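A short worksheet on the structure shown next.
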Amino acid sequence: MKLFHGSNTVVDRPDVARSRDRLDFGRGFYLTSVKKQAELWARRKAMRAGGRPLVNVYDFTEGDVSGNVLVFEQNDREWVEFVCSCRRGESQDEGFDLIAGGVADDQVYRAVDLYYKGLWTLDRTIEELSFYDRNDQYCFKSQPFLDRTLVFEEAYEVTQ
């Protein structure tokens, strides 16, 4: 399976430790299977930090995924609670090697943020999320797991 990472630099040796706190699934190396999403992330990174918008392409070897993997199939109650907990800085690692699920992108995050701030109920948030398109993200939490299952292929510049 192809996975993509938007950046302003070539990332041929991903490092799970080089990550910010309080992201959707906590600290880790984030990728997506949605090429357009990675291109958007690359443009944003280059605008904020300078440099060129680059998408790094990897092959993810799913066949031998022996590890502690958590997959959120839907942006449901468990996903919302997990994302909110991670964004509050509460550790949800529990020894996971990989966490996969929906992205709290701009539109989705607005709904999640209204719940996070106590302005919406969880039921109202889940109802609202059912109307949004769902992009995905893969957060590699364990360096040994990443090294075993992810292979860098190339990087290309986003031109438009």
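The values are calculated or read from the model by the stated rules, or taken from the named source; none is laboratory data. Since the model is a prediction, treat every value here as computed from it, not as a measurement. Cβ sites come from the backbone with ideal geometry, for glycine too, and all protein chains shown count toward neighbours.
List of remarks:
- When the range 90-124 is filtered for residues that are more than 29 Å from Val16 (Cβ to Cβ) and in a helix (DSSP H, G or I), the ones remaining, listed by number, are Leu114, Leu122, Asp123, Arg124.
- Of all residues in the range 40-58, those that are farther than 19 Å from Phe152 by Cα have Cβ atoms under 9 Å from Cβ atoms of residues that are in a helix (DSSP H, G or I), 6 or more apart or on another chain, in Gly51/Lys45.
- Applying a threshold of 6 Å to beta carbon distances and a minimum spacing of six or more residues, or different chains, the list of pairs starting in the range 121-142 at a residue that is touching a residue at least 60 places away in the same chain (Cβ under 8 Å) and ending at one that is of a type in the set (Ser, Thr, Tyr) and assigned to a strand (DSSP E or B) reads Asp136/Thr32; Gln137/Tyr30; Gln137/Thr32; Cys139/Tyr30.
- Screening Arg52 against (1) part of a loop (DSSP other than H, G, I, E, B); (2) more than 19 Å from Pro14 (Cα to Cα); (3) not aromatic (Phe, Trp, Tyr) leaves a single unmet condition, (2).
- Qualifying residue in the range 128-136 (condition: touching a Lys or Arg at 6+ places or on another chain (Cβ under 7 Å), in a helix (DSSP H, G or I) and buried (at least 16 other Cβ atoms within 10 Å of the Cβ)): no
- Search result, residues across the range 102-127 that are surrounded by 12 or more Cβ atoms within 10 Å (Cβ to Cβ), in contact with a helix residue (DSSP H, G or I) (Cβ under 8 Å, 6 or more places away or on another chain) and over 25 Å from Lys2 (Cα atoms): Ala111, Val112, Leu114, Tyr115, Tyr116, Trp120, Leu122, Arg124, Thr125, Ile126
- Residue in the range 20-39 that is surrounded by the fewest Cβ atoms within 10 Å (Cβ to Cβ), counting only those that are closer than 21 Å to Glu153 by Cα and of a type in the set (D, E, K, R): Lys36
- You will find that of Val55, Val71, the residue that is exposed (fewer than 12 other Cβ atoms within 10 Å of the Cβ), closer than 21 Å to Phe4 by Cβ, among the β-branched types (Val, Ile, Thr) and modelled with pLDDT of 85 or more is Val71 and no other.
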